[in-house]
1. Using 0.36 nm per residue, how much length does the chain from T199 to A108 gain when fully extended, once their Cα-Cα distance is taken away?
2. Using the count of nearby Cβ atoms within 10 Å as a rough guide to exposure, how do L152, L146 rank from fewest to most?
3. Please list, ordered by chain and number, the residues whose modelled amide H lies under 5 Å from the amide H of A96; skip anything fewer than 5 residues away on the same chain.
4. Could you tell me what fraction of 2.2 N^0.38 Å the Cα radius of gyration of the range 50-165 comes to, as a two-decimal ratio?
5. Can you give me the three principal axis dimensions of the range 68-136 from its C-alpha atoms, in Å, biggest first?
6. HN-Hα J couplings of the range 67-83 from phi, Karplus 6.51/-1.76/1.60, θ = phi - 60°, integer Hz, Gly and Pro as x?
7. Assuming 1.567 mPa s and 4 °C, estimate D for the range 80-229 with Stokes-Einstein, Rh taken as the Kirkwood radius over Cα pairs, in µm²/s.
Amino acid sequence: MSDQDKNQEMNAPIQASKQEQKKNGRGKLMIRTLIAIFVLGVVGGGIYWYVSGKTVYIDQSQIEAPLITLSPVNSGVLEAVYVQDGDMVTANEPIAQVGDEIVKAKTAGEIVSVNNNIGQYMNVLAGTGSVATMIDPTQLRVVGNLDENKGLANIQVGDPATFTVDAFGSRVFKGVVDEVAPTAESGSVVFNISDQRPTEQFAIKVRFDPSQYPELKNGMSARIWVYTQ
């Protein structure tokens with residue numbers, strides 16, 4: 001037997017041992033990897049269920065602000081209108097002329113509708129004296145109606161919220177719950193085998209910073225997520 005053969009024969013057990021160690025090392029690494037994946041799955045699942053359990057989703061929501069009706073003090077004929085839909089006006093800016101009276105904006109804001117029927121008689125006593133309506137953009141809120149049995153009891157003023165707006169796809173906007181209505185909206189009757197009970201809905205208002213999101217407009221459709229304490 002040559003020296004080379006003798007060396008190979010002597011090194012064979014060592015090489016076999018190294019291969020066995022590598023095999024065992026790969027096995028241990030695989031086990032550790034599987035354990036890490038399992039732990040991450042458990043933790044991730046726990047976080048998901050914890051967060052989802054503290055999140056209230058409101059599907060049917062809308063950006064809106066209280067409408068401000070602009071009308072003359074006295075009845076008369078609509079002589080002229082000085083603004084158009086979408087115009088931004090300042091406080092006390094002339095809006096229209098009814099008879100000899102100039103109707104002015106009550107506050108700074110945006111005109112959302114205008115009566116352009118020049119020559120129409122504006123009867124204030126009969127409730128037909130509106131020459132325009134406007135909003136104060138600083139009062140814009142995201143308003144959603146929530147069923148009383150879908151997390152209403154968990155929502156409090158000050159809870160953080162996020163919302164998306166249909167016009168902007170999946171983009172997320174931030175806000176905070178500003179008001180939980182003390183009185184229910186008109187409810188609907190839910191029919192089942194055992195009874196008939198009304199499902200009442202309550203308005204949830206989310207405040208946001210209009211100066212941060214100037215692209216958000218009155219009337220846009222939205223979806224709300226409220227993160228309860």
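1. 28.8 nm
2. Arranged by neighbour count, lowest to highest, L152, L146 become L152, L146.
3. Under 5 Å from the amide H of A96: Y82, V103.
4. That works out to 1.47 for the range 50-165.
5. 26, 18, 18
6. Each residue of the range 67-83 in turn: 7, 10, 8, 10, 9, x, 6, 10, 5, x, 8, 6, 8, 7, 10, 9, 10 Hz.
7. For these conditions, the coefficient is 70 µm²/s.
FYI, it's all coordinate maths here, none of it is from the lab. These numbers come from a predicted model, not from an experiment. Neighbour counts run over all protein chains shown; Cβ positions are idealised from the backbone, glycine included.
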